[in-house]
Amino acid sequence: MLDERARTLLKTLVERYIADGQPVGSRTLSRASGLELSPATIRNVMADLEELGLIASPHTSAGRVPTARGYRVFVDTMLTAQPLDLSRVDPGLAAVREQVQADQPQRVIAQAAQVLSNLSHFVGVVTSPRKAGVFRHIEFLRLSERRVLVILVDADGDVQNRVIVTARDYTQGELVEATNYLNSHYAGLSLDGIRERLKTEIEALRGEIATLMQAAVQAGSEALAESTEQVVVSGERNLLEVQDFGSDLGALRKLFDLFERKTELMRLLEVSSRAEGVRIYIGGESGVVPFEALSVVSAPYVVDGEVVGTLGVIGPTRMPYERMIQIVDITSRLVSHALSHHRH
């Protein structure tokens, strides 16, 4: 798409702009790129890059800045992020190992969000590990006409209580029968697994047991969703320091609204949990963070071989991507390690 000369100039321009935050002029480009080109040639190449939508001229300056599309080309074709050698990382990253300790998953998540934020100087976000939702024991208790208390004990021994309203009144005897049936046939399965089996077994089950079971699975899923803090966000205030946003209070307000609306962050991070390794969303690409001036660098983390959550950094489009990739990559590996069960 771009010849070698245009690629070199675009790469140089993006790197200079990330480093300095100032629009880059052709004289700076000529010096920094190491290319022996006349100012006229550089201006021509810049005009081509602008026509392609990869760079733009802010009104106030003769220099150019990268567009979201320009960053995209840079990230996809010009980044050379090396895998990190943990023994030689800078002290900030080395300290991560000490900070992410495995005593309690929720603490690991909170620490990871903080580490991401401290190292990037932007916003760290981490989704809590999705629980497998395996139930060990279930019980139904009649509270009053058509109101039944469902008591669910999960694999970790956590107890969830939900009140469900049933279509008809059940006697305590019927509820005991349903309790015994479900514990003998379904205990140890995940809620998703039970849902799948119910689809095929619904014909064979007596109507009321099937109905109670569906209500219990629904109640269990809701209880699980509520029992974990879905997204942990750390360092929102760092964005107040970012000069790209500092003057635009409207954009900042929208941003802070986003951090309040955890569900949208969840959607964004859910998308990346289906990807391998580090993903980068630039400008409005994610469709969830609709800000041209924001980028997200994220990666899934794994517990015992299974992707259970995602973490990442949200910051200005003008961020040092190479370093962000390293920070996100190493944090996801450390969280995976801290939460997996190969500890001695």
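Output the number of residues of segment 272-313 satisfying the condition of being modelled with pLDDT under 75 and open to solvent by less than 10 Å² (accessible area, probe 1.4 Å).
Number of matching residues: 2.
Enumerate the strands (runs of 3 or more DSSP E) found wholly within segment 104-164, keeping only those where 2 or more residues are farther than 16 Å from Gly235 by Cα and hydroxyl-bearing (Ser, Thr, Tyr).
Details: elements: 123-127, 135-144, 147-154.
No strands (runs of 3 or more DSSP E) qualify here.
Which ones in segment 298-325 are touching a Pro at 6+ places or on another chain (Cβ under 9 Å) and either within 29 Å of Met78 (Cβ to Cβ) or not aliphatic (A, V, I, L, M) (or both)? So that I can check it myself, show each step before the final result.
Narrowing segment 298-325 to residues touching a Pro at 6+ places or on another chain (Cβ under 9 Å): 301, 303, 307-311, 317-318.
Tyr301, Val307, Gly309, Thr310, Leu311, Thr317, Arg318, listed by residue number.
Wholly within segment 15-102, which helices (runs of 4 or more DSSP H) include no fewer than the required count, namely at least 2 residues that are at pLDDT below 85 and under 22 Å from Arg318 (Cα atoms)?
91-99
Any residue in segment 27-38 that is at negative phi sitting within a Cβ distance under 9 Å of a residue that is crowded, with 18+ Cβ neighbours inside 10 Å and of a type in the set (Asp, Glu)? List the pairs, counting only those 6 or more apart or interchain.
Ala32/Glu15
If you take the residues of segment 165-186 that are β-branched (Val, Ile, Thr) and in a helix (DSSP H, G or I), which of them is least open to solvent (accessible area, probe 1.4 Å)?
Taking the candidates together, the pick is Thr179.
The values are calculated or read from the model by the stated rules, or taken from the named source; none is laboratory data. Note that the coordinates shown come from a computational prediction; the quantities given were computed from them, not determined experimentally. Note: ideal-geometry Cβ built from the backbone for every residue, glycine included; neighbour counts use all protein chains shown. These accessible areas exclude ligands, DNA and RNA; they are computed on the full protein's heavy atoms, side chains included. Shrake-Rupley method; radii C 1.70, N 1.55, O 1.52, S 1.80 Å.
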